[in-house]
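The values are calculated or read from the model by the stated rules, or taken from the named source; none is laboratory data. Because the structure is predicted, anything quoted here is derived from the model rather than measured. As a convention, Cβ positions derive from the backbone with ideal geometry for all residues, glycine included, and neighbour counts pool all protein chains shown.
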Ligand SMILES: [Zn+2]
Ligand SMILES: [Zn+2]
């Protein structure tokens, strides 16, 4: 669902505003996430390509960007993190999401509302709300992604 590129000026400014040095890895991770909803780390790594030498670099870079508040981390499934940009220049993924049980693709459901919770409930601190609709995506239903799935599970 990518349709935009983040220009160098924007990524430089976003990083600088958070007191982070602008490095090729950070710029390309930000850019790889621009114009799309939550994506998995492996997909970000695939999009980044040669700008990050390995997946560990992508993961370290993502953690740094999450700590700085530029990236939001979503946990939709056990043990799988999804990441989305947390900046005014991009669609902020505070809405509901659809996650395919077969291929793991995430789609934004930006018209589905999410309950607006207070910062705490009783003695519990609220750190986030995720509304996730589980199901099978159109691609998987039509069998188009079957080869891809077999590769992924192998
Ligand atoms: Zn979203
Ligand atoms: Zn699917």
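The table that follows gives values for the structure above.
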{"quantity": "Output for the stretch 32-46, where each listed residue is in contact with a helix residue (DSSP H, G or I) (Cβ under 8 Å, 6 or more places away or on another chain) and touching a residue at least 40 places away in the same chain (Cβ under 8 Å)", "calculated": "33, 39, 41"}
{"quantity": "Any chance residue 114 is part of a loop (DSSP other than H, G, I, E, B), over 11 Å from the mean Cα position of the chain (by Cα) and either within 16 Å of ligand 1 (Cβ to nearest atom) or more than 27 Å from residue 134 (Cβ to Cβ) (or both)", "calculated": "yes"}
{"quantity": "Search result, residues across the stretch 90-107 that are more than 18 Å from residue 71 (Cβ to Cβ) and more than 10 Å from ligand 2 (Cβ to nearest atom)", "calculated": "96"}
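One line per residue, one yes/no per condition, for (1) at pLDDT below 90; (2) within 16 Å of ligand 2 (Cβ to nearest atom):
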{"residue": "51", "(1), (2)": "yes, no"}
{"residue": "68", "(1), (2)": "no, no"}
{"residue": "109", "(1), (2)": "no, yes"}
{"residue": "137", "(1), (2)": "no, yes"}
